[in-house]
Structures are given as C-alpha cells and as structure tokens.
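Working notes for the structure below.
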Amino acid sequence: MKKICIVTGTRAEYGLLRPVINKISQEKDLELSLVATGMHLSPEFGLTYREIESDGFSIDEKVEMLLSSDTCQGMTKSTGLAIISFSEYFERKRPDVVILLGDRFEIFACATAAAMAQVPIAHLYGGDTTEGAIDEFLRHSITKMSYLHFTSNKQSAHRVIQLGESPDRVLSVGSTGVENILSMDLLSLQNLNTSLGNWLTHEYALVTFHPETMGGTSADVQLRNLLCALDNFKNMQFIFTKANADAEGRIINAMIDEYIAKNSNCIAFDSLGVLKYLSAMKYSTMVIGNSSSGLYEAPSFKIPTVNIGDRQKGRIRADSVIDCIPFSEDIISAINKCLCMDCRNTINPYEGTKPSQKIVDTIKNVLNKGDIHLKKKFWDLGVV
C-alpha cells in the first residue's frame, strides 16, 4: 500500500481538504496518514482537531508548533519549531507523498521539512495571488518545493508553469470548497438556527476579517473602520468567525469580543466547523470581510461578497464580489450595493468537475507508475 500523508493546520484548510481525505480513506490500496498541527491544537482557536475526529477520521500525529504570540517574530519562531517537528515526523514515517494545501506558514514549514527529506509534495492551489499577505511568497515557495500541482483555475496553472514547473505535472481541477457546497448535505435554516441557540431573527451577514500581513494599515484600524460601518446596519444581524493565528490576529479577536458584548445583533465563534459555516453562508444576505471564502465559495451560493482591502488582491473573482478599501464610508457603500444586487446568474470561476477525485486519481497514477523524479528540470518559457 502507498502511504499518503495529509497535513492540516487550520479550520478552513481542513474544510477544503475534507473531500480529498474522504476519497483517500475509501481507497483500498492507499493508507491515509493524517497530521493535525497549528490552530487545530490550540484551545484559543477552538481545538478544531476535534472536528476532524468527529468526522470519523483518525489523526496519526499531532504536531505542536504554535506559540501564544501576536507578532511576526512569533510566527517566525513557530515556523522554525514546525520545521524541526516535521523533520522528525518524516524521518520516522517516510510517506510516499504528502498532500499540502495553500500558503500559510504552518504549511510552508511542513513543505520545507518534506522537501529536504525528499518526500514528494502534492500541492493544492498554487499559482493564486494574494498581494496583501505573506501567504503570497510562501505559496510560491511551496510551489517550487512541490512535485505535483493542482490549481483552482487555469490562470493559476499558467502561473505555476511560469515558475518553472513542467506542464505535465500541473492540473487545473477547481476548488474543493465549491465541491463541498455541491456535495454536502447542508443544514436547513431551522436546524442552523437551532444550533445557534435560536439567535437568528431576521436577515444576517457572515463576517470574517483577517489581518493584512504585508504592510498597510494596522489590523486594529481596519477592523475599527469595519465595525463603525456595521453600526449603520442595526436592522441586520452579523455572525462573526474569528481571525486566524496570524500576526495581529489576536488583536482582531479581542476587538470582536468587545464589540459583541455591546451589540446584541452580533455573535462570534472561534470556529463554526465546515458544515455549520457553509450552512450559515447559504442563508446569509452577504459575506463581509477579507476571507478567501468570500471569493471561493460565496459565488456558488449566488450571494454577494464585500471584499475589504488588499488581503485577497490578485485573485480572480466573480462579478458578485464587490471590492472596497478599508474605510467606513467605502464599506458602507459596498454593503448597500450588495443589498441591491441580483446574483442569480453569477458564475463561479473556481468551480470544477469532481476535483477531489481528479486529485486522488492523479496521485495514484503517478505512484503506481513509480516514475517520480525529484531532480526536476526548470521548465523554461524561453527568453523574451
């Protein structure tokens, strides 16, 4: 049997990996080794590894690496600790391939350890661009350490090839997040409301705001502007999902807690979990903030997105996404525009056909052929 390792460090990332994990767990000739790290193991961020276990998946190993810090130095030290821990894991386990998704520092650390241990990496969603976050250069770095590439769209596939990766190892498959929407049995509005303690009474928006980690205005100023904008919509309810373990993420979460305590039309969660989060998105009036889910998943629900600031700058987007700068007046204007939008004809550029099955089938075929050559040649597009 071929041993496939999958590493996950955040709630959102696990949701995107879930269809792939499920497919591999059903393959008789593949052995799944699931590793949880980062925010999954932190009480501060909801101990979300328990969601993985409640879905029926066994966690092979828990890799502790997250420092209780809200600074760039803390992120850097956490990355170093993760590299050490994953180097030990790969030395002991020696998987045939490791599947990594995205661009966070936890995944960069794992990719570094895997690449130096000569464990082939299958990377999901390289080639995207997010100019307002350090994820931008981490993602491209992970691409260069990876052997197989599965992108969310054709434009991203072209960028991966532009980075020197051979086209025969790059496949545009679409988003597994969209696959979740199309395949999961989501909660009814009544059951969703019951799970929220019957808190919902009228129309609501789903709000997620993360810090921009590549300069720009500080997170607390941007969030303060967002909260001031929300003050103008007292007739709406707002469900907040809290920020990730990025620098200044804890500042954001503390400000959200303070705002929630003063506003009865708001509620906040460390993590809603995949099922509840997508169900909440389905019935929401709009998505507000700067989470990638506003670009990846929301268009498939035919609801609009207010995308604030530069964190997602560079990603392709549906016409249901309204971009605005992080000033209260601009956010108010974008929310009002979304309230008047008709998104029924929205086309999601990230929608693919059975992406998880294509990912698993491709990895199986490569492993069965036994022709993985980690000494890669740079695919040169030619001199201009």
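The values are calculated or read from the model by the stated rules, or taken from the named source; none is laboratory data. This structure is a prediction, so every number in the text was calculated from the model and none was measured. As a convention, Cβ positions derive from the backbone with ideal geometry for all residues, glycine included, and neighbour counts pool all protein chains shown. In case anyone asks, the SASA skips ligands and DNA or RNA and just uses the protein heavy atoms, side chains included. Shrake-Rupley method; radii C 1.70, N 1.55, O 1.52, S 1.80 Å.
How far is it, in nm, from the label point at residue 369 to the one at residue 345 when both lie 7 Å from their Cα along the line to the Cβ?
Placing both labels 7 Å beyond Cα along the Cβ direction yields 4.3 nm.
Using a 1.4 Å probe, what is the accessible area per residue for the chain, in Å²?
42
Quick one: Karplus J couplings for the range 191-203, per residue in order, coefficients 6.51, -1.76, 1.60, θ = phi - 60°, nearest Hz, x for Gly and Pro?
Those phi angles translate into 5, 4, 5, 4, 5, 9, x, 6, 7, 5, 10, 7, 4 Hz.
For a label point 7 Å from the Cα of residue 67 along Cα→C-beta, name the residues of the range 232-252 whose backbone N is under 11 Å from it.
none
Would you calculate a helix-derived [θ] at 222 nm for the chain, using -39,500 (n - 2.57) for each DSSP H run of n ≥ 4 and dividing by the full residue count, to the nearest 500?
Calculated at 222 nm, the ellipticity per residue is -12500 deg cm²/dmol.
Rg over Rh of the range 195-270, using C-alpha atoms and the Kirkwood radius, what does it come to?
0.98
Report the calculated FRET efficiency for residue 232 and residue 154 (r = Cβ-Cβ distance, R0 = 51 Å), to the nearest 0.05. Working shown, then result.
Values: r = 40 Å, r/R0 = 0.78.
Here the calculated transfer efficiency is 0.80.
Using +1 at the C-beta of Lys and Arg and -1 at the C-beta of Asp and Glu, which of 30, 19, 189 has the Cα lying farthest in the positive direction of the dipole of the chain?
30
Cut-off 12 Å, label point 7 angstrom out along Cα-to-Cβ of residue 27: give me the residues of the range 92-130 whose amide nitrogen falls inside.
Zone members listed by number: 96-99, 122.
Taking 2.2 N^0.38 Å as the expected size of a compact globular protein, what ratio does the Cα radius of gyration of the range 90-165 give against it, to two decimals?
Values: Rg = 11.9 Å, N = 76, 2.2 N^0.38 = 11.4 Å.
For the range 90-165, the normalised Cα radius of gyration is 1.04.
What relative contact order, as a whole-number percentage, does the chain give when Cα pairs under 8 Å and 6 or more residues apart are counted?
17
Straight-line reach from residue 364: which lysines have Cα under 22 Å away, leaving out those fewer than 8 places along the same chain?
Within the straight-line limit of under 22 Å, residue 364 reaches these lysines: 2, 3, 23, 28, 93, 144, 354, 375, 376.
Excluding ligands and nucleic acids, what accessible area in Å² is computed for residue 202 using a 1.4 Å probe, to the nearest 10?
The accessible area comes out at roughly 80 Å².
Toward the positive end of the charge dipole of the chain, about the Cα centre and with charges on Cβ (Lys, Arg +1; Asp, Glu -1), which of 284, 267, 157 goes farthest?
It is 157, whose Cα lies furthest towards the positive end.
Assigning unit charges at the beta carbon (Lys, Arg +1; Asp, Glu -1) and nothing else, what dipole magnitude in debye, to the nearest 20, does the range 1-153 show about its Cα centre?
I would put it at about 340 debye.
Please sort 152-160, 98-106, 280-288, 41-49 by packing, taking for each peptide the average over its residues of neighbouring beta carbons within 10 angstrom, highest first.
So the peptides 152-160, 98-106, 280-288, 41-49, ranked by packing, come out 98-106, 280-288, 152-160, 41-49.
Which part of the range 276-304 falls in the paramagnetic zone of residue 50, meaning amide N under 17 Å from the point 7 Å along Cα-to-beta-carbon?
Only 276-277 fall inside the zone, counting backbone N under 17 Å.
Given a Förster radius of 22 Å and the C-beta distance between residue 171 and residue 302 as r, what FRET efficiency does 1/(1 + (r/R0)^6) yield to the nearest 0.05? Numbers along the way, then the final one.
Numbers: r = 28 Å, r/R0 = 1.26.
Step by step, r from the Cβ atoms, then E = 0.20.
Quick one: putting +1 on the C-beta of Lys and Arg, -1 on the C-beta of Asp and Glu, what dipole do you get for the range 255-384 around its Cα centre, in Debye to the nearest 20?
Once rounded to the nearest 20, the dipole reads 680 debye.
For the full complex of protein chains and a 1.4 angstrom probe, list 64, 248 by accessible area with the highest value first.
64, 248
If 70, 60 are ordered by their accessible area, calculated over protein heavy atoms with a 1.4 Å probe, which sequence runs from highest to lowest?
Output order, biggest surface exposure first: 60, 70.
Roughly how big is the chain's charge dipole about its Cα centre, with Cβ charges of +1 (Lys, Arg) and -1 (Asp, Glu), in debye to the nearest 20?
So the magnitude is around 840 debye.
Of the listed values [x] 60, 46, 40; [y] 78, 75, 47; [z] 98, 46, 39, grab the one calculated as Cα extents along the principal axes in Å from the structure here.
Only one listed value fits the structure, namely [x].
Give me the distance in nm between label points sitting 7 Å out from Cα along the Cα-to-Cβ direction at residue 131 and residue 88, one decimal.
4.2
Can you give the FRET efficiency to the nearest 0.05 for residue 182 and residue 77, using r as the Cβ-Cβ distance and R₀ = 30 Å?
Working: r = 40 Å, r/R0 = 1.34.
Here the calculated transfer efficiency is 0.15.
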